[in-house]
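Structure first, commentary second.
The values are calculated or read from the model by the stated rules, or taken from the named source; none is laboratory data. Everything numeric in this text was worked out from a predicted model, so none of it was measured. Backbone-built Cβ (ideal geometry, glycine too); neighbour counts: all protein chains shown.
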Amino acid sequence: MRSPLRLPWRRIVLGLALPCVLAGLLALMAPHPAFAQAHNPFGVGISEGGESDDGLTGWLLQQQALFERHLSAAVRAAKSDGSAVWTLMGLSFAYGVFHAAGPGHGKAVMASYLFANERALRRGLVLSLLAALLQGLVAILLVGVLALVLHATAQRMKDAASLVESLSYAGIAALGAWLVWQKGGAFVRTLRAPSFPALSASDLSASDPHRHKPSAASQPHAGHGPGCAHGHGHDDHGHGHHDHPSPQRLAGLGHHPSPDGHHHDHGAGTPHVHGPDCGHYHAPDPATLGEGFSWREAILTVVAAGSRPCSGAILVLVFSLAQGLFAAGVAATIAMALGTAITTGALACLAVLAKNLTVRLSSPGSRRGVLVVRGLETLAALLVLGAGLSLFMGATSLGGA
Amino acid sequence: MLATGVTTLPDAASAHPHVFVVAREEVLFGPDGRITGIRAAWTFDDMYSSFAIQGLGEADKILTSEQLAPLAKTNVESLAEFGYFTVGKAAGKQVSFGEPTDYLLEEGSDKLVTLRFTLPLKEPAPANKAFTLQVYDPTYFVSFEFADKDPLALKDAPSGCSASVAKPRPLDTGDNQKLSEAFFSNMSPGVDFGIKLASRAVVACP
């Protein structure tokens, strides 16, 4: 039974939220000048602006410019005064926070991946931290191997950085293709499924009931009327229809058993009855989230989003090296990566929350709701693929000017 | 389809600068009193300078312009695509430049690298109406700034010519608002920050 009071609101919020999510993902990528820009004559081999392309306010632009100027002063200071390394690290950390506070393809890829796949906040945070650290590590390795060990010229370093960049773009395209295959397939399967429940068959494994903690601890879920669907926070994984609890227990909670109702074991032993269409959603316990998650996919995402070094880190490293203080440059780069992780982590939170909100609002129990979620996942996957392809073509000049 | 859609989205002039250049420009006059070219001297910041000369020559020795000649050639050649980051206007009409000549890179005793090159005008421009000169990177990857001291010189100019440099007005709140509105509606600010932050040099002759 649909509640006439609740559903219109859900649709309205969903109607407002979905364009926002999509616009957000697009906005993250759209201003990336690499889409339209050749390599700057004074670039360091990374097409334009490193990882940071903001433009929201002139103030932010000027702050970042100031930070970068202060960085070289701090490296100089560290030459004569060892304690200035702490100043340098502090500045680098702040630079990382600011630097990441704008659209960039790495963030777009991570956000799209998380939106398409991820439901666990903690893992989203870990993935974005890993991507940020990888970004710093690539810069350290690039400068360490080429400049420190091989004494390569700027031109060779540019070539190497461009190569790394092209490879990372190819990685994004590969990740996007994989996600489109996975998510698009699920979308098409849902579309072709003759009737609701669309999450049955392959998605609902009757022989594999799983446990999950109720989000509201020990609260019995007594607020749902009969005929209420119970949506779970697990991709591609439904829950089995268990034996119905005895009428006596239900009567005690004021539930009326319905033919469609089913009961889950909530670990705490709380009886829980829903039917279709109520859209009740539980945030999953991260501890139980092993299913539907592929480390291979997650690692590919980290590599795709984080393997392109940022121009600022390369410049600080080379400058530190020229000053005979390569270690200070390494410390600065790590601090920069941690600062970046703060900002990208916040974005990861947004992506995961947006996904959870979308699932919650789209009546996960209904066929239409499943279609909406699968469709959005497919769109996010297409965005990753499109971004990867156009960045790769731009970087390798396959796409013309 | 989606890929092309993303590719054709307008690029926002939104990078923040990684390279900082202090520019000194010289306006060259012909015997007839018309402007024939621009001589640029761009000094790079310490970080980019150390990157540019990385791996060249011996450590702790100042490089000679001969050692830096291949790099200078690469630089001016790749600048062509970007219009040499230089915009000259005679009486409001944009002038076009020919191939750069007399280019060289030099490393100063302060280890800062300076790129010098001459940009000949394809057709000499009159200077009796205001001639304006701006040096900027529209993508704002490179931040250009006129030098505080002697930013603009006139060479072989007729007597009575004057030169002045107007610093950019700071980005005001109106710009910021316009930017964010535009950002959220079009995903493109529609304005070049590079030019908004660019100084304008003006040459006026009688």
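Assuming A:SER162 fulfils every condition listed in (1) crowded, with 21+ Cβ neighbours inside 10 Å; (2) assigned to a helix (DSSP H, G or I); (3) away from chain B (no Cβ under 12 Å) apart from one, which condition is it?
(1)
Report yes if some residue within the stretch A:100-118 is over 30 Å from A:ALA322 (Cβ atoms), more than 12 Å from chain B (Cβ to nearest Cβ) and part of a loop (DSSP other than H, G, I, E, B); otherwise report no.
yes
Look at A:SER162 and say whether it is in contact with a Phe, Trp or Tyr (Cβ under 9 Å, 6 or more places away or on another chain) and within 21 Å of A:VAL318 (Cβ to Cβ).
No: the conditions fail for A:SER162.
Sort out for me the helices (runs of 4 or more DSSP H) sitting completely within the stretch A:300-401 that have 3 or more residues that are more than 14 Å from every other protein chain (Cβ to nearest Cβ) and within 27 Å of B:MET47 (Cα to Cα).
Filter on the stretch A:300-401 gives A:326-361.
Of all the residues that make up the stretch B:83-118, how many are outside any loop (DSSP other than H, G, I, E, B) and within 14 Å of chain A (Cβ to nearest Cβ)?
Residues meeting the conditions: 11.
Name the one entry in A:GLY399, A:GLY329, A:GLY388 that is over 22 Å from A:GLY124 (Cα atoms) and modelled with pLDDT under 90.
A:GLY399
Just to be sure before I move on: is A:MET393 without any contact (Cβ under 8 Å) to a residue 60 or more places away in the chain and of a type outside the set (Lys, Arg) in the structure I sent?
Criteria met by A:MET393.
Looking only at residues that are more than 9 Å from every other protein chain (Cβ to nearest Cβ) and either in contact with a strand residue (DSSP E or B) (Cβ under 6 Å, 6 or more places away or on another chain) or small (Gly, Ala, Ser) (or both) in the stretch B:47-79, which one is farthest from B:GLN134 (Cα to Cα)?
Applying the filter and picking the extreme gives B:GLY57.
Suppose we filter the stretch B:135-159 for residues that are among the charged types (D, E, K, R), away from chain A (no Cβ under 11 Å) and buried (at least 24 other Cβ atoms within 10 Å of the Cβ); how many remain?
Going through the stretch B:135-159 one residue at a time, the tally reaches 0.
Considering each residue of the stretch B:24-63, count those that are assigned to a strand (DSSP E or B) and under 20 Å from A:VAL75 (Cβ atoms), and give that number.
Looking only at that region, the number is 2.
Could you list, in sequence order, all residues of the stretch A:141-157 that are modelled with pLDDT under 85 and more than 9 Å from chain B (Cβ to nearest Cβ)?
Residues satisfying the conditions are A:LEU148, A:VAL149.
Does the stretch B:102-111 contain at least one residue that is surrounded by fewer than 16 Cβ atoms within 10 Å (Cβ to Cβ), touching a residue at least 40 places away in the same chain (Cβ under 8 Å) and in contact with a Leu (Cβ under 7 Å, 6 or more places away or on another chain)?
No, there is no match, as no residue in the stretch B:102-111 is surrounded by fewer than 16 Cβ atoms within 10 Å (Cβ to Cβ), touching a residue at least 40 places away in the same chain (Cβ under 8 Å) and in contact with a Leu (Cβ under 7 Å, 6 or more places away or on another chain).
Out of curiosity, is A:GLN135 more than 14 Å from chain B (Cβ to nearest Cβ), in contact (Cβ under 8 Å) with a residue 12 or more places away in the chain, polar (S, T, N, Q) and crowded, with 22+ Cβ neighbours inside 10 Å?
Here the answer is yes, as A:GLN135 does meet what is asked.
Quick one: how many residues across the stretch A:150-187 are without any contact (Cβ under 8 Å) to a residue 24 or more places away in the chain and polar (S, T, N, Q)?
So the count comes out to 2.
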